[in-house]
Amino acid sequence: MPPNYGSEEPLIIRAQQGDAEAVAQLYEAHAPAVYRYVYFRVRDRQAAEDLTADVFVRMVEALPHFEYRGVPFAAWLFRVAHDRVVDHHRRADRRRAEPLPDTLMDGTADTEGAALETQSNAVLMGRLSELTDEQQAVLQLRFIEGYSLDQTASVLNKTQGAVKGLQHRALRQLARWLKRDA
């Protein structure tokens, strides 16, 4: 669940003044969502962990210059995360193979069912990656992070109508692609 944005301004001010506990609270409040955001885009656990750590190092470095303007702190963090993901993809010279799920490696579960599920997930993830960055962000915030329409609009600095439109177009496009792929 997204953090309560109304209570962040005092926490940010404390963090800017060097309060380590406030920095830790900001990290704890936002790290899971930032990690999921990054992982969703790089699909590599180690890279996602490294990039998430880098986002928070940059947060600490930039805090003295950060100005709270009533926009959720998460919006700024997601922009930093987005920039780190773009840099990561620019540096990557080849795609990494997706690791096998544990159930396939130890052979204890329904291997055929797990393989089909992995294949279905790969098709869906591939199709999701073909959506625009804005559409991907809306779907991730709404359906993976559990943000409300209002919270998503605030994080992305968009109107609720724009978020609804992006969500509708993204879901409609995914449905068309997946129907064709079936």
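Just so it is clear, none of the values below were taken in a lab; they were calculated from the coordinates. This structure is a prediction, so every number in the text was calculated from the model and none was measured. As a convention, Cβ positions derive from the backbone with ideal geometry for all residues, glycine included, and neighbour counts pool all protein chains shown.
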Hydrodynamic radius by Kirkwood for the range 4-47, inverse mean 1/r across distinct Cα pairs, in Å, is 11.6
At 0.36 nm per residue, and after removing the present C-alpha to C-alpha distance, how many nm does the segment from His65 to Asp19 gain when stretched out fully? 15.0 nm
What is the distance in Å between the Cα centroid of the range 20-56 and that of the range 147-172? 22
Output ³J(HN,Hα) for the range 77-85: one whole-Hz value per residue in order, computed from phi by the Karplus curve 6.51 cos²θ - 1.76 cosθ + 1.60 with θ = phi - 60°, and x for Gly and Pro. 4, 5, 5, 4, 4, 4, 4, 5, 5
Extending each Cα 7 Å along its Cβ direction at Tyr27 and Arg91, get the distance between those two points in nm, one decimal. 2.0
Arranged from highest to lowest average of other beta-carbon atoms within 10 Å per residue, in what order do the peptides 31-42, 164-175 appear? 31-42, 164-175
Kindly put Val155, Val71, Val85 in sequence by how many other C-beta atoms sit within 10 Å of each C-beta, fewest to most. Val71, Val85, Val155
Cα extents of the range 1-95 along the principal axes, largest first, in whole Å, come to 43, 26, 22
Among Ile144, Ile12, what is the fewest-to-most ranking by other Cβ atoms within 10 Å? Ile144, Ile12
